[in-house]
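The structure appears below as C-alpha cells.
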Amino acid sequence: MSNKEFRERIREELEEIKKLGLYRKLRTVKGLNFSSNDYLALSSHPRVVKALSYSLAGATGSRLTSGNVNHEILEEEIAKFKNFPTSLIYPSGYQANLGLISSLCKKGDLILSDELNHASIIDGCRLSKADKIIYKHNDINSLYEILEKNHKNYKNIFIVTDSVFSMDGDIANLKEIKKIADEFSSVLIVDDAHATGVLGDRGRGSFEYFKIRPSDNTIVVVTFSKALGCQGGAVCCIEEVREYLINTSRAFIYSTALSPALVNAVLESLKIIKETDIVKRLKDKVEEANKILLRYKLIEERREVPIFPIILGELTMKVSEELIKNNIFCVGIRYPTVPKGKERIRVSITLNHKKEDIELLAKKMKESILKFSS
C-alpha cells in the first residue's frame, strides 16, 4: 500500500463515520460543565491541588524497575478504605480492568459479563482466552440460568459487572449476584468506578451500600479519576491475587507507574472523604437535582447516584449542540456507546453545581427539546 493509498483509505473510512452520524471531535469545556465525572469536585480542591506538589512528577519507570515510590502507601490506604486485605495500583482504571481480567481469566475458564459493562471490562474479556457469555443487563434470572446450564463444564468461573453503570446510572443488584457467585463457587469482579465516593454512607462504594463483606472470591476495581478527582486505578483483592498480578499482568508489568504526585493527590482525596461531610453533601445535591429534573419531566424516577440519563433518541445531538451554544456543556452520547434508539444526554451532577445551575440546565434542555420536536 502506497502512502497515497493509505491516506485515501483513512479518509474514506472517516467519511463513512461522518455519514453514519458517528463522527467524534474534541471540545474544550466552556460554561457550566454537566459532563464531568468529578462528582465530589475534588479535582480542584485546594488540598488535593497542593498535594500534587509534594512529590516527583513522574515515576520514571515500571513499578518493577525504578517506579515503586510511594505507591504502596496508597495501596494500603485504598485497601483499608474498601475493607480488603490489599490492593495493586494501575496507571488508569481502564488498565486495571484490562490487566486484571486478561491475566486472571484463562483458557478453559468461563466469564459471565453484564451486557452493559464498561468498554474496559469488555476489552479485558476479549483479551482473555476464557470462554465468555453475556447475561442480560442486571438480570438475576438470566445470570442464574446461564450458570445453572454451564457451571459443570468449568472449574473456574468469573462473574464481572459494573456496580454503577456509567451511561444509565443504575445500580447492579450485587446482593443477589454475590449469593449466586457463592452458590456456584465463582469469583465476583466488581468495577466500582462510579460507586467509589458516591455509594454508601461514607462513600466507600457498592460493598458498603449493600453491606457485603469482602471475601476470598471477591475483587473490586477502583478508579481514581471519577469522584476522587485524580487519575489511576487499583485492584482490591486478597494477597495471592496481588502477587499473581505483579507477576503476570502485562498492563502492570510493562507500564510506567502512576505519577507519585498523583499518588499523593489521591491520598489527600481519601483523607477529605474520611474527614468531612463531602459524601453527604453530594447525596443532598443529587436529591436536589432529582426534584428539579422530575419537575421538568426530564426523568421519570429519582436516582441515587449523580448520573441522570435523558433519553432523547434522534434529538440528542441537536439538543446537546443547542445547550453548548448556551454555555451549558452537556454532550450527547450515541451508538456504539449506547444502543441505537437509546441515544441520550448524560447529565452528571457535581458539588460544583448550584441549585440555579441545575434549574438553568433543565429549563434550557426542555426548551430545546420542544424546539426540535415541533
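Bear in mind these aren't lab numbers, they're just calculated from the coordinates by the rules spelled out. None of the values given here were measured: they were computed from a predicted structure. For neighbour counting, all protein chains shown are included, and Cβ atoms are generated from backbone atoms with ideal geometry for every residue, glycine included.
Kindly give the semi-axes, whole Å and largest first, of the ellipsoid equivalent to the chain, taking each as the square root of 5 times a Cα gyration tensor eigenvalue. Don't skip to the answer; put the middle values down first.
Details: eigenvalues 208, 135, 115 Å².
They are 32, 26, 24 Å, listed from largest to smallest.
R0 = 51 Å: FRET efficiency of I253 with R9, Cβ-based, nearest 0.05? Walk me through the numbers on the way to the answer.
Details: r = 34 Å, r/R0 = 0.68.
The computed FRET efficiency comes out at 0.90.
From the phi of every residue in the range 64-71, what ³J(HN,Hα) in whole Hz does the Karplus formula 6.51 cos²θ - 1.76 cosθ + 1.60 yield, where θ is phi - 60° and glycine or proline is x?
Calculated HN-Hα couplings, in order: 7, 10, 10, x, 8, 9, 10, 5 Hz.
Which of the peptides 344-351, 217-224 is most tightly packed, and how do the rest follow, going by the mean number of other Cβ atoms within 10 Å of each residue?
Numbers: 344-351: 22.4, 217-224: 25.6.
The peptides rank, most packed first, as 217-224, 344-351.
If you stretched the chain out fully between E287 and N150, how much longer would it get, using 0.36 nm times the residue separation minus the C-alpha to C-alpha distance? Please list the in-between numbers first.
Working: separation 137, 0.36 × 137 = 49.32 nm, distance 4.22 nm.
Full extension of this stretch gives 45.1 nm more.
Find the centroid of the Cα atoms in the range 175-217 and in the range 311-356, then give the distance between the two in whole Å.
With the range 175-217 and the range 311-356 each reduced to a Cα centre, they are spaced 30 Å.
Label F372 and R47 with points 7 Å out from Cα along Cα→Cβ: what is the distance between them in nm?
4.1 nm
Across the range 175-187, in residue order, what do the Karplus-derived ³J(HN,Hα) couplings come to in whole Hz, using 6.51 cos²θ - 1.76 cosθ + 1.60 with θ = phi - 60° and x for Gly and Pro?
Listing the rounded values in order: 4, 6, 5, 5, 4, 5, 4, 5, 4, 9, 6, 9, 8 Hz.
Using the structure shown, select from K136/K211; K179/K271; K175/K283; K19/K342 the pairs with a Cα to Cα distance greater than 30 angstrom.
In this structure, K179/K271 exceed 30 Å between Cα atoms.
Quick one: 3J(HN,Hα) in Hz for the range 306-317, Karplus 6.51/-1.76/1.60 with θ = phi - 60°, rounded, Gly and Pro as x.
Listing the rounded values in order: x, 10, 10, x, 9, 6, 10, x, 5, 7, 3, 5 Hz.
Of the listed pairs K291/K340; K82/K178; K82/K280; K18/K297; K107/K226; K50/K354, which have alpha-carbon separations greater than 22 Å here?
Working: K291/K340 29 Å; K82/K178 16 Å; K82/K280 18 Å; K18/K297 32 Å; K107/K226 33 Å; K50/K354 25 Å.
Over 22 Å apart, Cα to Cα: K291/K340; K18/K297; K107/K226; K50/K354.
For the range 196-247, just say rounded, prolate or oblate: build the C-alpha gyration tensor, square-root its eigenvalues into a ≥ b ≥ c, call rounded for a/c under 1.5, and beyond that prolate if a/b exceeds b/c, oblate if not.
Values: a/c = 4.15, a/b = 1.26, b/c = 3.30.
Taking the square roots of the gyration eigenvalues as a ≥ b ≥ c, the range 196-247 is oblate.
Give me the orientation-averaged projected area of the Cα convex hull of the range 135-241, in nm², one decimal. Can you show the working numbers first?
Numbers: hull surface 28.4 nm².
With the hull built on Cα positions only, its mean projection is 7.1 nm².
So for the pair K132, D201, with labels modelled 7 Å out along Cα→Cβ, what separation do we get in nm?
3.9 nm
At a Förster distance of 30 Å, what's the computed FRET efficiency of D216 paired with K271, Cβ-Cβ distance as r, to 0.05? Show your work: numbers first, answer last.
Numbers: r = 29 Å, r/R0 = 0.98.
Efficiency for this residue pair is about 0.55.
Would you mind checking which residues have amide H under 5 Å from Y135's amide H? H placed 1.01 Å from N; only 5 or more apart, or other chain.
Sorted by chain and number, the residues that satisfy this are S113, D114, E115.
Counting DSSP beta bridges with both partners in the chain, what percentage is antiparallel, nearest 5? Show your work: numbers first, answer last.
Working: 18 of 38 bridges.
Taking every DSSP beta bridge with both residues in the chain, the antiparallel ones total about 45 percent.
Please check: in the Gaussian network model of the chain (C-alpha springs, under 10 Å), which one of S186, S66, S43 has the largest mean-square fluctuation.
Sorting by GNM fluctuation, first place goes to S66.
Taking 7 Å along the Cα-to-C-beta vector as the label spot, tell me the L294-K30 distance in nanometres, rounded to one decimal.
With each label point 7 Å from Cα toward Cβ, the separation is 3.6 nm.
Once you treat every alpha carbon in the range 58-275 as an equal point and sum by Debye, what is log10 I(q)/I(0) at q = 0.13, 0.14, 0.17, 0.19 Å⁻¹?
-0.67, -0.78, -1.16, -1.44
Non-local amide H neighbours of I333 (under 5 Å, H modeled in plane, Pro and chain starts lacking H): which ones?
Amide H neighbours of I333: R344, I345, R346.
Return a whole-number percent for the relative contact order of the range 58-275, with Cα pairs under 8 Å and 6 or more residues apart as the contact set. Can you show the working numbers first?
Values: 447 pairs, mean separation 65.3, N = 218.
Relative contact order for the range 58-275 comes out at 30 percent.
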